[in-house]
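Student: I have a structure I would like to understand better, so I am pasting it below and will then ask my questions one at a time.
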Amino acid sequence: MAAKPNNAIYDLHDKPPFLTWLGLSLQHLFSMFGATVLVPLLVGLNPGVALFTSGIGTLLHLLITRGKVPAYMGSSFAFIVPMAALMKTIGYPAVAQGIIAVGLVYLVVAVVITFTGTHWIDRLFPAEVVGPIIMVIGLSLAGSAASSATMLNGHYDWKIFVVALITLLGTIAFNMFLKGFLGLLPVLLGIVFGYIVAMLFGLVDLSPVAAAHWFQLPNYATFIGHDGFHFYPGAVLSMAPLALVTLSEHLGHLMVLSKITGHDFFENPGLERTLAGDGTASVVAGLVGGPAVTSYGENIGVMQLSRVYSVWVIGGAAFFAVVFSFIGKLSALISTIPGAVTGGVGFMLYGVIAAAGLQVIVDNKVDYSKKRNLMIAAPVLVVGIGNFHLQLGAQMDFSGVAIATLLGIILNLVLPKVAASEQ
């Protein structure tokens, strides 16, 4: 198959043959599944609903962006602290109102951008800023992957290390030595291979699969409590400001997607549509019992590895997510994938995102002998990777990625073009 000008095997609107389409979509589903169901498990929500809302949210995002952005929507980690606190005190109606408020913030910003345009984006995000930020998005997840690949129930376990390492090496081998149909599925094959290895090491518990029903209706909830509607302003105020965090991450993910696919999504379909897609997905999630959603780095990594950018594939993954949310045994089976496997694959997925940022720097010939470029990249990388985060109270935590993105923007705007010592 001839590669496209952007080196894609399947570009945005290419529809793969059915069996290839099936495999590619399942690859995306498996890659995001662990993180998407982890959020509801941590805060006390229903994982089936989270899977359902990730699929519905992705389909809505594709619809609103006119099928032009291959982004997968999964459960957002940015809201874990306030959601967990609200679930323990008031319950889901308060959480739902906060999630809906987050979605509305996105929609308001989308409306503002509709009238102000996006001409300011090029000024805020030149290559010397974009490259390090993209690297941070990938490398900031390295700690999470390393923890999953070494720890079992809070303790170091050599078996986890070995399984993660074998999974990583298997994924690398699948990328390098397979071609044709199987060559498009290195991540999926890596997960399956790692799962088999994990079973041999006794790290897979299949009892949840046996206990699950074949048909299982997700436990939907809403912003209205059992005793009627009550407004919870504290919930709204604790969650809505965190939309500023995920907004910055949205910009970063959109930059990565634009880079690896060769399509400028800020221009077409436009930032206002991508934000509206994210916002609508979160509003819908809040209406049916799910967590807030956001675009997923895991799926961006899959696209970078496979060179498959088709929205048909992303849509297929979303369809399967919705279907699987009703099939208890399938959901349970996927949920038994151990952290050693997801961590091993994560080393590859997160690394290729970072490599995409490095490619931006190389392609644009960013000169780090110039102090200005160095003074932007150095703190952005360390702040983001080290998660130098800003915590305001118990419920508001601005991640290192968000702080690094803001820092890069500010430094780019205020630093002179040439340092005084270089004049």
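Student: Read through the list (1) crowded, with 20+ Cβ neighbours inside 10 Å; (2) more than 27 Å from Ala292 (Cβ to Cβ); (3) hydroxyl-bearing (Ser, Thr, Tyr), then give the number of the only condition that Tyr156 fails.
Tutor: Among (1) crowded, with 20+ Cβ neighbours inside 10 Å; (2) more than 27 Å from Ala292 (Cβ to Cβ); (3) hydroxyl-bearing (Ser, Thr, Tyr), the lone unmet condition for Tyr156 is (1).
Student: Related question: Which is in a helix (DSSP H, G or I) and within 12 Å of the chain's Cα centre (by Cα), of Glu249, Glu272?
Tutor: Glu249
Student: Continuing with the same structure: Only residues in segment 210-230 that are over 28 Å from Thr89 (Cβ atoms) count as the first member; pair them with residues that are assigned to a loop (DSSP other than H, G, I, E, B) and polar (S, T, N, Q), Cβ under 9 angstrom, at least 6 apart or cross-chain, and list the lot.
Tutor: Gln216/Ser325
Student: Filter segment 275-312 for residues that are part of a loop (DSSP other than H, G, I, E, B) and either without any contact (Cβ under 8 Å) to a residue 12 or more places away in the chain or out of contact with any helix residue (DSSP H, G or I) (no Cβ under 6 Å at 6 or more places or on another chain) (or both) and give the result.
Tutor: Arg307, Ser310
Student: Leu182 passes all but one of (1) under 25 Å from the mean Cα position of the chain (by Cα); (2) among the hydrophobic types (A, V, I, L, M, F, W, C); (3) surrounded by 14 or more Cβ atoms within 10 Å (Cβ to Cβ); which number fails?
Tutor: Status for Leu182: all satisfied but (3).
Student: Select the helices (runs of 4 or more DSSP H) contained entirely in segment 51-139, then report the ones holding at least 2 residues which are in contact with a Lys or Arg (Cβ under 9 Å, 6 or more places away or on another chain) and open to solvent by 10 Å² or more (accessible area, probe 1.4 Å).
Tutor: Counting at least 2 such residues, we get 127-139.
Student: Let me ask you something else. Name the pairs: first residue in segment 28-43 and farther than 19 Å from Ala221 by Cβ, second residue charged (D, E, K, R) and assigned to a helix (DSSP H, G or I), Cβ to Cβ under 7 Å, at least 6 apart or on different chains?
Tutor: If the second residue must be charged (D, E, K, R) and assigned to a helix (DSSP H, G or I), the pairs left are Ser31/Glu298; Met32/Glu298; Ala35/Glu298.
Student: How about segment 38-50: which of its residues are aliphatic (A, V, I, L, M) and not in a loop (DSSP other than H, G, I, E, B)?
Tutor: Once the filter is applied, which keeps residues that are aliphatic (A, V, I, L, M) and not in a loop (DSSP other than H, G, I, E, B), segment 38-50 yields Leu38, Val39, Leu41, Leu42, Val43, Val49, Ala50.
The values are calculated or read from the model by the stated rules, or taken from the named source; none is laboratory data. Worth saying up front: this structure is predicted, and the values here are computed from it rather than measured. Cβ coordinates were reconstructed from backbone atoms using ideal geometry, including for glycine residues, and neighbour counts include every protein chain displayed. Heavy atoms of the whole protein, side chains included, go into the accessibility calculation; ligands, DNA and RNA do not. Shrake-Rupley method; radii C 1.70, N 1.55, O 1.52, S 1.80 Å.
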